[in-house]
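Since the structure comes first, as structure tokens, the remarks are kept for the end.
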Amino acid sequence: MRDVTPDPHDLEGAYRSVVPRADFNVDDALAVVRPLCEDVRVRGEEAVLEYGERFDGVRPASLAVPAEALAEALKNLDPDIRRALEESISRLRVSSEAELESDVLTDYGNGAVVQRRVVPMDRVGLYVPGGLAPLVSTVVMNSVPAQVAGVNSIALASPPQKEFGGLPHPTILAACALLGIDEVYAAGGAQALAMFAYGAGPCRPVNLITGPGNIYVAAAKRYLQGTVSIDSEAGPTEIAILADDSADAAFVAADLISQAEHDPMAAGVLVTDSADLATAVEAELDRQVPLAKHSERIEIALSGQQSAIVLVRDVAQGLDVVNAYAAEHLEIQTRDSAEVAAQIRNAGAVFVGSYAPVSLGDYCAGSNHVLPTAGCACHSSGLSVRAFLKNMQVITYSRAALTDVAGHVVTLAEAEDLPSHGAAVSIRFASPS
């Protein structure tokens, strides 16, 4: 356990330094990723296939997944998994449609109109990790908002699996087929992102890349940003829980375990003003972790430097701590949890009350689980329809409308010593020679 003893002159900085973080240095990974991305840019498909063989232990027969493989995967999908996916898709589609923005038109009168048009991206690349688990839910979380936004061309990549003959996991393929995503590539890691950015073989370049991944995926996003747009540099998952003595220790422990199951680098942080709860949660972890299927992975994550129980003076101080931490997932398990949650400024997603665990958001809440990590929730948002849309301004002015502001344009152009800017307006009112 850690007690918070903040520097009164820099509370936010002090809290940020007290709450643990994983040692996740994207800059170091850039040294590995940079030459790999450049190799894909130069050699294209052959480079992607070679890196698949090196890192995933299998060389796919081709980058593009055949249509028959998608159809076969959907045909063989367990009916219960299909129903669960359909419910997840349905709920996310409803919330995504609610996020859609309308065009905005401002009429200044006299023929002066400025319109803000909301325009979908032309083409996007969605990344779904393979790694320690086939993240079928990430297919849903990436695809549905892109489809609702109206993106015309959607490509998806997931690592080739040796067990499945170089194809991505069949459950991932089935989810793609269920969603109507028919451009799917057997490519993983940084090479998949470079394929999206530069184009390789049958895959044309995209405008935007979304989806989570490991440190090398995050580094590839950083390197490729500018060539393409990205959603965020999502790293290992993290959960913070703000709880008081009203919380159920078994619930809190189970929720910490649920995210630690993802990755040995996953972070689990409990912030509480109750020493008794902290002790009870530790006892529950001792009881529950050995019973978990992935107990070794969970134990490494929860005993790592990125995980801790943090004792605070009261819930108000706890709020300052979790706002400074800016967790990917934040649970509020306190009395008056809704009122406490309303004071959160920095979090990827906030789960309010004892019956809103993070795993609900991972699958079927109707929210999106592709969220900013590593404190980036203080300036970044989770994936949504907005990520797949652009704002474009359309300006329409009549002669009369331009007359109303022509003098101001000329004056400001002269003030900036850009007289030709003003002349482009003045010439429209000059007498014909």
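The values are calculated or read from the model by the stated rules, or taken from the named source; none is laboratory data. Predicted, not measured: the structure shown is a model, and the values here were computed from it. Virtual Cβ from ideal backbone geometry, glycine too; neighbours counted across all protein chains shown.
Among residues that are of a type in the set (Phe, Trp, Tyr) and closer than 18 Å to residue 246 by Cβ, residue 388 is not included.
Scan the stretch 230-259 residue by residue and report those that are farther than 19 Å from residue 326 by Cβ and touching a residue at least 40 places away in the same chain (Cβ under 8 Å). Result: 244, 246, 247, 248, 251, 252, 254, 257, 258.
Determine if the stretch 328-345 includes at least one residue that is assigned to a helix (DSSP H, G or I), modelled with pLDDT under 95 and under 26 Å from the mean Cα position of the chain (by Cα). The answer is no; no qualifying residue exists.
Determine, yes or no, whether residue 143 is among the polar types (S, T, N, Q), at pLDDT below 95 and surrounded by 14 or more Cβ atoms within 10 Å (Cβ to Cβ). Criteria not met by residue 143.
When residue 191 is tested against the conditions (1) out of contact with any strand residue (DSSP E or B) (no Cβ under 8 Å at 6 or more places or on another chain); (2) among the polar types (S, T, N, Q); (3) surrounded by fewer than 22 Cβ atoms within 10 Å (Cβ to Cβ), the lone failure is (3). Would you confirm, using the coordinates I've provided, whether residue 199 is under 20 Å from residue 26 (Cα atoms), in contact with a Pro (Cβ under 7 Å, 6 or more places away or on another chain), in the same structural domain as residue 54 (by TED's automatic domain parsing) and not aromatic (Phe, Trp, Tyr)? Spelling it out, it is not the case that residue 199 is under 20 Å from residue 26 (Cα atoms), in contact with a Pro (Cβ under 7 Å, 6 or more places away or on another chain), in the same structural domain as residue 54 (by TED's automatic domain parsing) and not aromatic (Phe, Trp, Tyr). Residues in the stretch 201-221 include at least one that is under 30 Å from residue 319 (Cα atoms), of a type in the set (A, V, I, L, M, F, W, C) and out of contact with any Cys (no Cβ under 7 Å at 6 or more places or on another chain). With respect to (1) closer than 30 Å to residue 221 by Cα; (2) modelled with pLDDT of 95 or more; (3) in a loop (DSSP other than H, G, I, E, B), the lone exception for residue 129 is condition (2).
The C-beta contact set for the stretch 389-404 (first residue over 17 Å from residue 106 (Cβ atoms), second residue assigned to a strand (DSSP E or B), distance under 7 angstrom, 6+ apart or interchain) comprises 389/118; 389/119; 389/120; 390/119.
Suppose the filter is touching a residue at least 40 places away in the same chain (Cβ under 8 Å) and surrounded by fewer than 19 Cβ atoms within 10 Å (Cβ to Cβ); does residue 288 pass it?
no
Annotation for the stretch 348-357: at least one member residue is in a loop (DSSP other than H, G, I, E, B), under 23 Å from residue 15 (Cα atoms) and of a type in the set (Gly, Ala, Ser). Scan the stretch 229-236 and give yes if some residue there is among the polar types (S, T, N, Q), not assigned by TED's automatic domain parsing to the domain that holds residue 335 and not in a loop (DSSP other than H, G, I, E, B), otherwise no. Yes; the residues of the stretch 229-236 include at least one that is among the polar types (S, T, N, Q), not assigned by TED's automatic domain parsing to the domain that holds residue 335 and not in a loop (DSSP other than H, G, I, E, B).
Counting only helices (runs of 4 or more DSSP H) that sit completely within the stretch 21-124, those holding 2 or more residues that are over 29 Å from residue 362 (Cβ atoms) and free of Cβ contacts under 8 Å to residues at least 12 places away in the same chain correspond to 26-43, 45-56.
When residues of the stretch 132-144 are filtered for being of a type in the set (A, V, I, L, M) and part of a loop (DSSP other than H, G, I, E, B), how many remain? Number of matching residues: 3.
Exactly one residue out of 120, 160, 168 is closer than 23 Å to residue 197 by Cβ and in contact with a Ser or Thr (Cβ under 6 Å, 6 or more places away or on another chain), and it is 168. Which residues, counting only those in the stretch 158-177, are free of Cβ contacts under 8 Å to residues at least 40 places away in the same chain and in a strand (DSSP E or B)? Scanning the stretch 158-177 gives a single hit, 158.
For the stretch 275-325, which positions are part of a loop (DSSP other than H, G, I, E, B) and small (Gly, Ala, Ser)? Hits for the stretch 275-325 are 292, 304, 307. The number of residues in the stretch 342-390 being of a type in the set (Gly, Ala, Ser), more than 15 Å from residue 95 (Cα to Cα) and out of contact with any His (no Cβ under 8 Å at 6 or more places or on another chain) comes to 10.
The rows are residues; the columns are (1) buried (at least 24 other Cβ atoms within 10 Å of the Cβ); (2) within 19 Å of residue 255 (Cβ to Cβ); (3) out of contact with any Lys or Arg (no Cβ under 7 Å at 6 or more places or on another chain).
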position	(1), (2), (3)
324	no, no, no
329	yes, yes, yes
334	yes, yes, yes
339	no, no, yes
348	yes, yes, yes
363	no, yes, yes
378	no, no, yes
381	no, no, yes
386	no, no, yes
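In this structure, is residue 372 closer than 28 Å to residue 27 by Cα and in contact (Cβ under 8 Å) with a residue 40 or more places away in the chain? The answer is yes for residue 372.
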